[in-house]
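Notes follow the structure.
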Amino acid sequence: MKSWLKKLGVGIIIPGMLLLSACSSASTSSKAGGEKASGIQERTIKAGIGLNEDHPEGLGLKRFSEIVAEKSGGKLKVKPFYSATLGDDQKMTEALQGGLQEITIPSTSPLVGMIKEFGIFDFPFLFNTPEEADAVLDGQIGQKLLDKLPEHGLIGLGYWENGFRQLTNSKHPVETANDFKGLKIRTMQNEVHLDAFKKLGANPTPMAFSEVFTALESKTVDGQENPLATIKSNKFNEVQDYLSLTGHVYTPFVFLVSKKFWDGLSEKEQTILQEAAVEAGIYQRQLSREEDVKAVEELKAAGTKVNEVSVEEKQKMKEIIQPVIDDYAKKFGQDLVNEMMAEIEKVRK
Ligand code: TK8
């Protein structure tokens, strides 16, 4: 499998974001479309995300835009749209498929209806550390899933970090597996999350991210779960009293480009977007991890009641949810799941 980096003759190994042939398969398919334009043309590229510009994802997109402008001599202009102004993850992904938007960077979870195998990343308590997540996402498993995108009209340039999800709610601290009972929790539109929270005795409601703050404020739901950077940058702490550090799922962002748009680019333009997505991704993951460390103290200082969850209670949660994981492993492909678990074991300290 020829890495696109080797194809470019740069041979650099970018730690934590080594992209294999994700894009060479894409650019191969575009060659099949006949002669390609050469050089770099003046283009405006609409890039929409669900989070705001202060969030690590927004800052990563800003960095991506700067790198693209620099590498293209200003000819490729990325126009960022934040806070779901172009729609939520699913809507923006559909816009890419229709060629109405060029880039979006959704969580993988709401895409499971389209590419079911992405659901393996929704297994609770799968990764213990960000490094384990990087090893799987930037290795063969992540690559296999990116290779499924072109048949859906999408090109994947790699994975950024949404992060480890923590639970907030307005009712009571969640310290044990038993404490989920009866809690009305907003979840992403993802069957694994829904079934896992039901198994814990919660009452989950799937909802697009842009509706979450209002649902919390109006008490339509008691709680939600997201990484700390999201809780902080979307001010969920203003309408939630309790933050429980469950760390129950690690969610990736996947960097998507419309295949309709991608196939019309020259190889030079494709390489600029590929390199920029990888370089900005390293920066974005670092920002996300720094934010994860800072946010707990900041939220505490702002009055949020924060509680840890013991390893024993997390183990109990995992055991309760295990039948759900086993069922979905069969649905998503037991071989793929076994391969992923082996990848994790290789890097697990
Ligand atoms: C933002 C979403 C969001 C996700 C969610 O586009 O829906 O809770 O974690 O951050 O992808």
Q) Quick check: is even one residue across segment 119-127 crowded, with 18+ Cβ neighbours inside 10 Å, charged (D, E, K, R) and in contact (Cβ under 8 Å) with a residue 60 or more places away in the chain? A) yes
Q: Within segment 46-95, work out how many residues are touching a Phe, Trp or Tyr at 6+ places or on another chain (Cβ under 8 Å) and among the β-branched types (V, I, T).
A: 2
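The rows are residues; the columns are (1) over 28 Å from D327 (Cβ atoms); (2) surrounded by 23 or more Cβ atoms within 10 Å (Cβ to Cβ); (3) in contact with a helix residue (DSSP H, G or I) (Cβ under 8 Å, 6 or more places away or on another chain).
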{"site": "S72", "(1), (2), (3)": "yes, no, yes"}
{"site": "K75", "(1), (2), (3)": "yes, no, no"}
{"site": "Y82", "(1), (2), (3)": "yes, no, yes"}
{"site": "T85", "(1), (2), (3)": "yes, no, no"}
{"site": "M92", "(1), (2), (3)": "yes, yes, no"}
{"site": "A95", "(1), (2), (3)": "yes, no, no"}
{"site": "G99", "(1), (2), (3)": "yes, no, yes"}
{"site": "I105", "(1), (2), (3)": "yes, yes, yes"}
{"site": "K116", "(1), (2), (3)": "no, no, yes"}
Q | Within segment 263-281, tally of residues that are surrounded by 21 or more Cβ atoms within 10 Å (Cβ to Cβ) and within 21 Å of the chain's Cα centre (by Cα) | A | 8
**Q.** Listing of helices (runs of 4 or more DSSP H) fully contained in segment 265-349 that carry 2 or more residues being touching a strand residue (DSSP E or B) at 6+ places or on another chain (Cβ under 6 Å) and touching a residue at least 24 places away in the same chain (Cβ under 8 Å)
**A.** 267-301
Q | Leading residue by the ranking (surrounded by the fewest Cβ atoms within 10 Å (Cβ to Cβ)) among those in segment 128-156 that are of a type in the set (G, A, S) and over 12 Å from M340 (Cα atoms) | A | G153
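Just to be sure I understand, how many residues within segment 182-211 are outside any strand (DSSP E or B), among the hydrophobic types (A, V, I, L, M, F, W, C), crowded, with 22+ Cβ neighbours inside 10 Å and within 12 Å of the ligand (Cβ to nearest atom)?
So the answer is 2.
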Q.
Quick check on A84: is it aliphatic (A, V, I, L, M) and on the phi > 0 side of the Ramachandran plot?
A. yes
(Q) For segment 213-232: of the residues being in a helix (DSSP H, G or I) and hydroxyl-bearing (S, T, Y), which is surrounded by the most Cβ atoms within 10 Å (Cβ to Cβ)? (A) T230
Q) Is it the case that segment 227-238 has a residue that's under 27 Å from K331 (Cβ atoms) and not assigned by TED's automatic domain parsing to the domain that holds L126? A) yes
Q) Within segment 48-70, how many residues are assigned to a loop (DSSP other than H, G, I, E, B) and either away from the ligand (no atom under 14 Å from the Cβ) or of a type in the set (S, T, N, Q) (or both)? A) 1
Q.
Can you list residue pairs whose Cβ atoms sit under 8 Å apart, with the first residue in segment 189-204 being outside the structural domain of K116 (by TED's automatic domain parsing) and the second being in a strand (DSSP E or B) and among the hydrophobic types (A, V, I, L, M, F, W, C)? Count only pairs 6 or more apart in sequence or on different chains.
A. F197/I185; A202/I185; N203/I185; P204/I185
Q.
Every residue in segment 71-117 that is away from the ligand (no atom under 11 Å from the Cβ), assigned to a helix (DSSP H, G or I) and within 23 Å of D263 (Cβ to Cβ), please.
A. K71, E94, A95, L96, Q97
Q: Determine whether A329 is more than 30 Å from F213 (Cα to Cα), among the small types (G, A, S) and surrounded by 23 or more Cβ atoms within 10 Å (Cβ to Cβ).
A: no
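The values are calculated or read from the model by the stated rules, or taken from the named source; none is laboratory data. Remember, predicted model here, so these are calculated numbers, not experimental data. Cβ: placed from backbone, ideal geometry, glycine included. Neighbour counts: every protein chain shown.
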